[in-house]
Structure formats: structure tokens, C-alpha cells
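For reference, the structure discussed in these notes is given below.
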Amino acid sequence: MNNIIVYGSIADIPLYNCSAHTPEEWSERDGIRRPIVGILDMAYGIFINIMYIPILTVMFEKDHFKMSCFKIMIFLGIVDMLALWVNSIITGYLAFHGAVYCSYPYLIYITGMAGLSLWCCSCIIAMSLVINRLLDLTRPRICAMFFEGKKTYLVMCLPVIYGCYFLFFTPPVMFSSKFMTWFFDPLIFENRGLEYANIPHGFNNLLVVGVTCLLYSSLCCVLGEKFNMIENTTNSKTKNLSLQIFFQSALICAINQIASIIYVIMNFIEVPLWLIMLGHVLWQFGHGAPVLIYLALNRTLRNGLLKRLGFRKIRVGSLNRERGSQTINQNNTKTSY
């Protein structure tokens, strides 16, 4: 973004000048039309975004929204939905037309800025979710100090500021249909790839990997000592929910770790095409995986989603029996006092 301010427009930025050829010539010269892959990418992005909507409505329910972990998961879901527009829906459109940066310079430049900032923002949100689960399981007082009530909103300001830094002050990623991914190098000039290097992005990806591994190593040691206490606690339902959400957080971060490493490598070292495409697929899956993980492992969200879709209906008879049993229990409790 800062280069746009300095030079006045995207077309006037020297390293992104496409005046050597027309957009059609750039596509024919460096692009490859991939209609099937493009349609699949767009379908994936649209499907995950549609599935995210009812899941988010379940998270916004009062009983869930009061928990800090659900606030973080909602924020992560919103960022994921926006990121899927970049790495799946718009990417699919560009792949369908065999585009490269100079085919749609304004669209790709702006989309690249957004995609990079959303990725870095989601990395910190996912890490925050792991930290939240770690503290809730091991240090509940410290967890309350940082995440209780509206404090979670203040914590979530950090990922926003972090993402804005990448949006305004670092080079964006650029799409190439030839490699079906987004590079920092727009592939306009030969042998000038290092001039587009984004060192903060590499630091972000390595930081995510290193810190996350450290968190999980620490957690393994702590859980080894406290597992029996957690298992025998009287509030087992709450602890089971905490462990369940932690496991979901672990899967989300594991996907982000692998994608992070591949993207660092492929922007500095020449790697096979299959590894480049794998990195992009993992980027897509990193933003879409939470939906699949929530549906597979989170019973609360899964049941809430099924009810909203009309697949699970509460029977009147069973509801009356449940209310009747609750009334009897309440009466017995009053009698015992």
C-alpha cells in the first residue's frame, strides 16, 4: 500500500510496470488456462463460506459467545471467510482465464495485499486460540486476566494491527496461473526475484512454526502432570469441552505450520511444481479446515448447525418428559431442604 501512495498508482510502481506487453499478450506469454482447477477452487471457496455462516450463528448464541474461546473462533471464522475470497474464489477466476499479474494488475495487486494481511492475521489468531486453551487448562487465573469478558476484544486488536502492518508496509503476493499459486515475484522481469522478497513474511511464518511448536512442547509436559486431575474433576463437562476445543486448535495450527514452511521455501528456493501447488492447497485448506474440524469434532457446533438446517427437531413428547423430570427433581430437591 505504501508504494501506491509514494508513486500515485499501481501502474507507476517501477517493479510492477507491465507496459512491455498488453494484458492479453502477458496471458498468452506466461499464463496457462486451467478451467477445471479454477471451477473447483471457486466451488470450494463458495461452499466453505456458505457452511461458515450457520456455524458462526451458533457461535454467536449467548451461551457460547460468553466464552472467550468462541469469541476468538468467531474472529478466526470471519478472517477465514475473507481469505477464501482471495485464495479460492478469486484465484479460481484467475486460473480459469489463465491470468498472470499483468493480465489484471489492479485486481491482483489489491487482492494480493488483502490475502497476505489476512494470512498473517489468521496465524496470530490461531496462535491466540491455542494460548487461550493452554492457559484455560493449566493457568485459569492468568487466562481470566487476559481473556475474561471484554478483554478478549483487546487481545484480538493485536492480530488486526499485525495484519495491517503487512497490508500497508510489505510487498503483496502476485498470482500466476502457470504455477497456480501466489508469489511475491510478479514474474515481469527475469532474475530480479530477490527484489520482491518479503522478509517480514518469512519471519512471520518461521515465528508461527517456532512458537507453536514451543507451546505444544510445553503443553505436553503440563498435561502429563495434570491429566489425572482433569479426568477426575467434578466439572468434567467443562474440561472435556476445553480439551475438545484445544484438539481442534491443534489441527488448525498444524495445517498452518506446514503451509508456512512451504511458502517460505518456495519464495527463496526453486522447488518442484507439485510442492508449490501443495503449498497453495494447504493455504486454502488452512482457512477452510476450521469448518471441517468444527463439524467433525465439535458436537455443540455440529448439533446447532443440524438444527438450523432442519435435520434435527426436538420432539414435543420428549420435551414434555424432560420438563416433567426436571420438575420432579426440583420438587425432590425442595423437599430435601
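Taken together, the values in this text are just the output of simple stated rules run on the coordinates, not laboratory data. In this text, all values refer to a predicted model and were calculated from it rather than measured experimentally.
Observations, loosely collected:
- Range of Cα positions in the range 32-92 per principal axis (Å), largest first: 49, 15, 10
- Rounded to the nearest angstrom and listed largest first, the equivalent-ellipsoid semi-axes of the range 102-160 from its Cα gyration tensor are 35, 11, 5.
- Lysine pair count for the range 2-297 with Cα-Cα distance under 15 Å and sequence separation of 8 or more or different chains is 7.
- Reciprocal of mean inverse Cα separation for the range 2-297 (Kirkwood radius, Å): 20.3 Å
- Hydrodynamic estimate: the Kirkwood radius of the range 1-132 over Cα pairs, inserted into Stokes-Einstein at 37 °C and 0.692 mPa s, corresponds to D of 195 µm²/s.
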